[in-house]
1. Conditions: (1) surrounded by fewer than 10 Cβ atoms within 10 Å (Cβ to Cβ); (2) within 18 Å of the chain's Cα centre (by Cα). Ile9 meets all but one. Number of the miss?
2. Return the pairs, sorted by first residue and then second, in which the second residue is open to solvent by less than 90 Å² (accessible area, probe 1.4 Å), the first residue lies in the stretch 16-43 and is of a type in the set (A, V, I, L, M), the beta carbons are less than 9 Å apart, and the residues are 6+ apart or on different chains.
Amino acid sequence: MCRSYIENIAKDEAGATAIEYGLIAALVSVAAISALGAMGGSLVSIFGTVSTELSSAVAAPAP
């Protein structure tokens, strides 16, 4: 009885699958954070340009 219980536990791969999914999720998160960190400066610049253009468009008199 004890031997078959131990064999069943050894064959059970549900925990290993959960750990693999956790590692993949962590890897994707690290990649996303790195990519967004690298793009942060350019995004600030782009949104600053858009904000300036919108402000000047609103302030300009209508023709």
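1. (2)
2. Sorted first by the residue in the stretch 16-43, then by its partner, the pairs are Leu36/Leu43.
Listed here are the residues, each with its yes/no results for (1) surrounded by fewer than 10 Cβ atoms within 10 Å (Cβ to Cβ); (2) under 17 Å from the mean Cα position of the chain (by Cα); (3) modelled with pLDDT of 80 or more.
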position: Tyr5; (1), (2), (3): yes, no, no
position: Leu27; (1), (2), (3): no, yes, yes
position: Met39; (1), (2), (3): no, yes, yes
position: Gly48; (1), (2), (3): no, no, yes
position: Thr52; (1), (2), (3): no, no, yes
position: Val58; (1), (2), (3): yes, no, yes
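The values are calculated or read from the model by the stated rules, or taken from the named source; none is laboratory data. Given the structure is predicted, the values throughout are model-derived calculations rather than measurements. Please note: Cβ atoms are built from the backbone with ideal geometry, for glycine as well, and neighbour counts cover all protein chains shown. Remember, those area values only see protein heavy atoms, side chains included, never the ligands or the DNA or RNA. Shrake-Rupley method; radii C 1.70, N 1.55, O 1.52, S 1.80 Å.
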